[in-house]
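Worksheet: the structure to be examined is printed underneath.
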Amino acid sequence: MRLFSRAAYVASVALVSLALLLGPANASRGDRLPDFKDCVKKCHSTHCLSDPPTPIPLHLRLLLWSCPSECDYTCQHAVTASRYDAGQPIEQFHGKWPFVRLLGIQEPFSVLFSILNGYAHYRGQQTIRRELPRNYPLVPYYRLFGLFGIVTWFWSTVFHMRDFVFTERMDYFAAGASVLYGLYLAPVRVFRLYKPHHRRLLRVWTCVCVAAYVAHVYYLSFIKWDYGYNMAANVVVGILQNSLWTYFSIKNFSQKKSLWAAGPGLIVTWLVMAMSLELLDFPPLWGCIDAHSLWHAATVMPAVWWYKYLIVDAKRHMGGAVVGGSRFKE
């Protein structure tokens, strides 16, 4: 675990450094609309180049809204309202729908659900500390899983509060790390790689996962920032870990004939159904709830359920030979 912890720390530092070097995101169709361009140009000339410039409220300045970004936001909604009245389709701007902000927060519901997801991981970590003995061999892996989850949802919260190049990259890289750690954890539990006689295999698996993540970040940072590739990579990693947990669930359920044993498979099913929301992309209802925010809402309960499963699984696991003062069933 020390090897993985050091590698994760180095990767995190590199991640922040790389994200700072990245360029702007690609434009959307809405950005190219003549009405939008004219609106932004006139607004900038009237409010930003005037002497003095139009003042920005404090609560907006705290979230780094400036006069140009205010013009951008105002024009997005002016053009969207005009197109809606004319019966024309709503377009995205800068890769996002024109959300109605709240106190300067760009996507209020995605922020809310990201916070709830992070809180689910935080409470799950508290439960693991309270319910499981420190010498239980999987505790370090579960705590790292929670740490990745908290960091991922922190950056998701920040990104949905204010969409900058830096916050977008951190959101993507943190999510990628979390998904990859999920794949890393699956064989550790399913094939019991935490056992001493698997130490060499565990080191190899650790190095493979760290190398894969570093290569992933390097490609996106220095070769090509490719949204399609990033999505495909996460889907492939997700399918691999979901397949392992499904196999583990079927095997355990067939042996134990107990519903708790099928927990990982049921959670995987829930998450796959939740991810289908991403395929139903639609303009935000009431200007604030879209498919992406609903996807974030749908992942809260699986996180809560997952930690409950880990506790039950560990307690049933601790029923055989005495190891360091606790009983473990292998």
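Among S82, L103, H121, flag the residue with its Cα farthest along the positive direction of the charge dipole of the stretch 70-135, charges on Cβ as +1 for Lys/Arg and -1 for Asp/Glu.
H121
Would the chain count as rounded, prolate or oblate if I go by the C-alpha gyration tensor, calling it rounded below 1.5 in a/c and otherwise prolate when a/b exceeds b/c, oblate otherwise?
It is prolate, given that a/c is not under 1.5 and a/b is the larger ratio.
Is it possible to state the helix-based mean residue ellipticity at 222 nm for the chain, with each DSSP H run of 4+ residues giving -39500 (n - 2.57), the sum divided by total residues, to the nearest 500 deg cm²/dmol? What is it?
-22000 deg cm²/dmol
On a full-extension model of 0.36 nm per residue, what is the gain between L58 and S276, subtracting their alpha-carbon distance, rounded to one decimal in nm?
74.6 nm
Report the extension gain between T127 and S50 in nm, rounded to one decimal, defined as 0.36 nm multiplied by the number of residues separating them, less their alpha carbon distance.
Contour length minus the Cα-Cα distance gives 22.1 nm.
GNM on the chain, C-alpha springs below 10 Å: top fluctuator among V268, V208, V300?
Sorting by GNM fluctuation, first place goes to V208.
How big is the dipole moment of the stretch 29-85 about its Cα centre under a simple scheme where the beta carbon of each Lys and Arg is +1, that of each Asp and Glu is -1, and everything else is neutral? Debye, nearest 20, please.
140 debye
How large is the dipole of the chain about the Cα centre if only Lys and Arg carry +1 and Asp and Glu carry -1, each at its Cβ, rounded to the nearest 20 debye?
That gives the chain a dipole magnitude of about 2280 debye.
Throughout, read-outs are computed from the coordinates displayed, never taken from laboratory work. What you are looking at is a predicted structure, and each value in this text was computed from that prediction instead of being measured. Glycine also receives a Cβ, built like all others from the backbone with ideal geometry; neighbour counts cover every protein chain displayed.
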